[in-house]
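Scroll down for the structure; my scribbles are underneath it.
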Amino acid sequence: ALRLDTGWTIRWIRRSAEVLAANRAALNTLDRDIGDGDHGENMDRGFQAILPKLEEVTDETTPGAVLKLVATTLISTVGGAAGPLYGTAFLKAAGAVGAVQSLDAIALVALLTAARDGIVLRGKAVEGDKTMIDAWTPAVNAASAAQTAGSPVGTVLLAAADAAEHGAQSTEPLVARKGRASYLGERAIGHRDPGSQSTSLLLRAAADLMSH
Ligand code: ADP
Ligand code: MG
Ligand code: MG
């Protein structure tokens, strides 16, 4: 069975770094359309900076400690809006899971909820503002529904990834009310929000580990 332990958490972050590197140009392009063109660069820089730190992680480390390491690295290496937002997300996620050795479905929902709430606390976006929250909130809702229905942790994760992907797509017809894209008014219509896309990639990377 799938066990979301420290090893899994490390594999998730490594896989995320790979996926973000592979999507660096695509995320920059999305951000060039409605922002300043650096979202891929920002995310890639942040996750590459985490990789050497993961090498030093010891056996006593917990999933929460890995999430905290991710948070502090993102906060110190990623500029712009996304650095503090994702940094806060991972920091709150770390706090929510505490010192447990492995995450069950309830802990996974707590992790996702705390991450989303951290982003909202920091950035004050609501659903429909055309931000990463449009991926996070459907992901939290879908994960919570799956967990309540008694689904195993892998199914909860898949529900979150699918909802985030859908949520990222749903930003395309929207006018932005937060971030740089909000300066564009109706010119933002027809373009996907880059942060919602990176959120979708991160959650898909987690769900994809089920088959590894
Ligand atoms: P910057 O726009 O400062 O260059 P990035 O390009 O790295 O930073 O990140 C842009 C992304 O940050 C947007 O696509 C959006 O998803 C997200 N974002 C911006 N402002 C907010 C906010 N207030 N709340 C939530 N997400 C936001
Ligand atoms: Mg940008
Ligand atoms: Mg920028």
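Every number in this text was worked out from the coordinates using simple rules, so none of it is lab data. Model, not experiment: these values are computed from the prediction. With ideal geometry, Cβ positions are generated from the backbone for all residues, glycine too; neighbour counts draw on all protein chains shown.
Observations on the model:
- Estimated 222 nm signal from helices in the chain, with DSSP H stretches of n ≥ 4 weighted -39500 (n - 2.57), rounded to 500: -22500 deg cm²/dmol
- The chain: DSSP helices with Cα axial extent of at least 20 Å and average Kyte-Doolittle hydropathy no lower than 0.5: 63-77, 82-97, 105-123, 153-170
- Residues of the range 159-175 falling in the label zone of V126, defined by backbone nitrogen less than 16 Å from a point 7 Å along Cα to beta-carbon, are 175.
- Scanning residues 5 or more positions from L103 or on other chains, those with amide H under 5 Å from its amide H are L4, D5, with H placed 1.01 Å from N in the peptide plane.
- Residue with peak Gaussian network fluctuation, the chain [Cα springs, cutoff 10 Å], from E186, E165, E56: E56
- Using a Förster distance of 35 Å, the FRET efficiency for A99-A49 (Cβ separation, nearest 0.05): 0.90
- Least to most buried among S170, S16 (fewest other Cβ within 10 Å first): S170, S16
- Our note on the geometry: Cα centres of the range 47-113 and the range 124-151, 19 Å apart.
- If R0 is 25 Å, the Cβ-Cβ spacing of Y183 and T148 corresponds to a FRET efficiency of close to 0.05.
- Within straight-line reach of K124, meaning a Cα separation under 20 Å, sit the following lysines at least 8 residues removed in sequence or on another chain: K92, K178.
- Exposure proxy ranking for I106, I75, I34, based on other Cβ atoms within 10 angstrom of each Cβ and starting from the fewest, stands as I106, I75, I34.
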